[in-house]
Amino acid sequence: MELSSKVLEKAVDEMAQLPGIGKRTALRLVLHLMRQPEEQTIRLSKALEEMILNIKFCSKCHNLSDDHLCDICKNPHRDESVICVVEDVKDVMAIESTGSFKGLYHVLGGKISPMDGIGPNDLTINKLVERVKNENIKELIFALSPTMEGDTTNFYIYKQVQDANIETSTIARGIAVGNELEYTDEITLGRSIANRIPFEISLKS
């Protein structure tokens, strides 16, 4: 796409890097920003810059955070004996939106997928195992997407913590096999957390 302004063209090219945004949509968004008051667009630019420069990953659960520990891990009213294991920070947001879970989280950063070159050492599994060993954990809830890669990751972690004196459970299969967690509606997801089943039983189903 050749535009009359190289500055505009550069802005469109950068906007088009966002997922699901093609060049035409990027052009519409950039032109929309140009029509807004200058202060509003500058505030957006500064907010994005601050996000990139200052946002961190929680040193405990690997969720997004402004500080060393995220607000969930710092909350004294959360049940520290239960950890919900998820693939991505988007899954934390999805589960939190249900209001049905009051424990802590552990974000793996993905799932084991040999086809994509992702192995256990590419995820935060070792740090999860350390948490099980060093913290007073009573239950791990596997809340990974019900895909082949998600099930493989669940089973790998299960084998790593099998000798620990903890319960392992998985969310109920109210979520269709193959679906990503972040796209599941809040009611179904909330019921899946509340009606979780022992992981050993899920292996037989």
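The values are calculated or read from the model by the stated rules, or taken from the named source; none is laboratory data. Note that the structure is a prediction, hence the values are computed from the model and not measured. Don't worry about glycine lacking a Cβ; one is built from the backbone with ideal geometry, like all the others, and counts go over all protein chains shown.
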ask   = Can you spot a residue in the stretch 104-111 that is out of contact with any strand residue (DSSP E or B) (no Cβ under 9 Å at 6 or more places or on another chain), in contact (Cβ under 8 Å) with a residue 24 or more places away in the chain and not in a loop (DSSP other than H, G, I, E, B)?
value = no
key: Qualifying helices (runs of 4 or more DSSP H) (wholly inside the stretch 1-98; at least 1 residues being touching a Lys or Arg at 6+ places or on another chain (Cβ under 7 Å))   = 6-15, 71-74
note = Of the listed residues (Ala26, Ala94), the one being buried (at least 18 other Cβ atoms within 10 Å of the Cβ), modelled with pLDDT under 95, within 26 Å of Ser113 (Cβ to Cβ) and of a type in the set (Gly, Ala, Ser) is Ala94
query = Does His77 satisfy being under 30 Å from Ile141 (Cβ atoms), assigned by TED's automatic domain parsing to the domain that holds Thr147 and in contact with a Cys (Cβ under 7 Å, 6 or more places away or on another chain)?
reply = no
query = How many residues, within the stretch 67-82, are of a type in the set (Asp, Glu) and over 20 Å from Met51 (Cβ atoms)?
reply = 2
